[in-house]
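> Before anything else, here's the structure in question.
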Amino acid sequence: MTAGPSTPLGATQAGEPVLPDLVVVVLGAATLAVVAGAGLMLGATTVPATGVMSALTAFDGSAQDVTVVDVRLPRVVVAAVVGASLGVAGALMQAITRNPLAEPSLLGVSWGAALAAVGAQVVAGIGTAAALVPVAIGGAAVAGLVIVVLAASGRAGLTPERLIVAGAAVSGLLAALVQGLLVLDSESLEVARRWLAGSLTGASWDALVAAAPYLLAGTALSACLVRPLSALALGDDVARGLGVRTGLVKGAAALAVVALAGGSVALAGPILLVGLAVPHAARALVGRDLAPLLVACAVLGAVLLIVSDIVARIAVAPEELPVGVMTALVGAPVLLHLARRGVTSA
């Protein structure tokens, strides 16, 4: 199924979103507030709501207050930021490729960032968040460029199907190279193992501050691209007729994806399938109009990652599961559902 003028990206099959935008915003904000509060309360030890409020408003240095303010608060905020960024990145990738299987991890962008970050740690000994963030984003950019070049080579040119195949091939290669680096430096294996599975353990304000300029730039660029990407959903020829410079728009959207995905990987590792599952859930709520869709993706992505992290913390307490394991449990069924339906266009 290919998107065309009869089924533009800006409308559902019925022509209307499932829920009014205002309702979605209010419900999303309320849900996000509730799960964020739960993230501050729940873990290996449970802190009551009164204890959370006391820690936030009258911090006294007690063990409970330190747990809430210094450990759980940055973790919840980083989870929200990473989830929102991956949700938006996935929606952008699906918009520019018109393929429902497109998302940062499946198209190699996340693994490119991971390889660059692991390589910097293993080979160069770089371990600070401020230094790893630009390295991860550079790796994401190189991986994305390689995938596009490979997919565009040949007579058929750049098609969504070729992009998926090239992305899967490059992702497999990059993942193998990451594992190879860890074998060469066994001392880094245990440290990197959790991070590569996607982990929010040790989330800090310093890391978030280092990634913030890239994530904000990617978010701002995404907002600026709403109108031209909506035109692009009607098809390249129609978009050109409307005055859209399609190549420039796709390139700018790719830069936004690199900034969002690279910054997210630097903060929490390559968390898989969030960018795949969240846009599909958002479309079920708000339809295909890109502006409310991106907002819904940001909110749902944040909620999904916070909830996944809560479950990862309490499922085998006092030990923790990598949060990437929990998001994979959500994203994998979505991928299988799409494969069974045989859908090839977002």
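> For the range 21-341, what is the charge dipole size about the Cα centre, in debye to the nearest 20, if Lys and Arg each add +1 at the Cβ and Asp and Glu each add -1 at the Cβ? Please report the intermediate quantities before stating the final value.
Values: 16 positive and 16 negative charges, 227 e Å.
So the dipole magnitude of the range 21-341 works out to roughly 1100 debye.
> Tell me, what is the percent relative contact order of the chain, built from C-alpha pairs under 8 Å that lie six or more residues apart? It would help to have the intermediate numbers written out before the result.
Details: 598 pairs, mean separation 114.6, N = 346.
Once divided by the residue count of the chain, the mean separation gives 33 percent.
> Another question, then. For the chain, state what percent of all Cα-Cα pairs lands in each successive 20 Å bin, counting from 0 Å until the bin that includes the largest distance.
32, 57, 12, 0
> Given a 10 angstrom Cα cut-off, can you work out which residue in Gly218, Gly243, Gly144 is the most mobile in a GNM of the chain?
Judging by the Gaussian network model, the answer is Gly243.
> Which of these, Val178, Val118, Val71, has the largest mean-square fluctuation under a Gaussian network model of the chain (Cα springs below 10 Å)?
Maximum fluctuation in the GNM of the chain, among the listed residues, is at Val71.
> Across the Cα atoms of the range 264-344, what radius of gyration and what greatest pairwise Cα-Cα distance (Dmax) are found, in Å?
According to the Cα coordinates of the range 264-344, Rg and Dmax are 13.8, 43 Å.
> Could you tell me which helices of the chain pass both thresholds, a Cα extent of 24 Å or more along their own axis and a mean Kyte-Doolittle hydropathy of at least -1.0, with helices taken as whole DSSP H runs?
On the way: long enough: 21-41 (30 Å, 2.19); 73-97 (36 Å, 1.66); 129-152 (34 Å, 2.46); 160-184 (36 Å, 1.67); 205-224 (28 Å, 1.27); 246-268 (33 Å, 1.71); 290-314 (36 Å, 2.32); 323-341 (28 Å, 1.26).
Result, helices passing both filters: 21-41, 73-97, 129-152, 160-184, 205-224, 246-268, 290-314, 323-341.
> Can you give the extra length, in nm with one decimal, that the chain gains between Val316 and Ala332 once fully stretched, where that is 0.36 nm per residue apart less the Cα-Cα distance?
Working: separation 16, 0.36 × 16 = 5.76 nm, distance 2.15 nm.
Taking 0.36 nm per residue and subtracting the Cα distance, the gain is 3.6 nm.
> Exposure proxy check: Leu177, Leu150 ranked by fewest other beta carbons within 10 Å?
Working: Leu177 15, Leu150 18.
Fewest-to-most ranking of Leu177, Leu150: Leu177, Leu150.
> If you build the convex hull over the alpha carbons only and average its shadow over all orientations, what do you get for the range 92-245? Give it in nm² to one decimal. Write out the running numbers ahead of the final one.
Values: hull surface 41.1 nm².
Over every viewing direction, the Cα hull of the range 92-245 projects on average to 10.3 nm².
> Please list the non-local residues whose amide H lies under 5 Å from the amide H of Arg288, H modeled 1.01 Å from N, same-chain partners needing a gap of 5 or more.
Ala11, Thr12
> Farthest toward the dipole's positive end in the chain, which of Ile314, Leu229, Leu40, given Cβ charges of +1 (Lys, Arg) and -1 (Asp, Glu) about the Cα centre?
Leu229
> Still on this structure: Could you list Asp289, Asp206 so that the one with the fewest beta carbons within 10 Å of its beta carbon is first and the one with the most is last?
Details: Asp289 20, Asp206 12.
Starting with the residue having the fewest Cβ neighbours, the order is Asp206, Asp289.
> How long is the gain from Ala152 to Thr128 if the chain were fully straight, where each residue apart is worth 0.36 nm and the alpha carbon distance is subtracted? Mind dumping the intermediate values first?
Details: separation 24, 0.36 × 24 = 8.64 nm, distance 3.64 nm.
Here the segment from Ala152 to Thr128 would lengthen by 5.0 nm.
> Please work out how much length the chain gains when fully extended from Leu27 to Thr46, using 0.36 nm per residue of separation minus the C-alpha to C-alpha distance, in nm with one decimal. All intermediate terms of the calculation are to be shown ahead of the outcome.
Values: separation 19, 0.36 × 19 = 6.84 nm, distance 2.59 nm.
Between Leu27 and Thr46, full extension yields 4.2 nm more.
> OK, next. Give the share of C-alpha pairs in each 5 angstrom bin for the range 194-325, from 0 to the last occupied bin, in whole percents, shortest bins first.
Computed distribution, short to long bins: 2, 10, 15, 20, 19, 14, 9, 6, 3, 2, 1, 0.
> Same structure, new question: Within a 10 angstrom radius of the beta carbon, how do Val209, Val82 rank from fewest other beta carbons to most? Display every interim value, and only then the final one.
Working: Val209 12, Val82 33.
Fewest-to-most Cβ neighbours within 10 Å comes out as Val209, Val82.
> Just check the range 161-262 against the gyration tensor rule for me: Cα atoms, a ≥ b ≥ c as the square roots of the eigenvalues, rounded for a/c under 1.5, and otherwise prolate or oblate depending on whether a/b exceeds b/c.
Working: a/c = 4.17, a/b = 1.75, b/c = 2.39.
In terms of gyration-tensor shape, oblate.
FYI, it's all coordinate maths here, none of it is from the lab. The shown structure was predicted, so the numbers you read here are calculated from the model rather than taken from an experiment. No Cβ is skipped: glycine too gets one built from the backbone with ideal geometry, and neighbour counts run over all protein chains shown.
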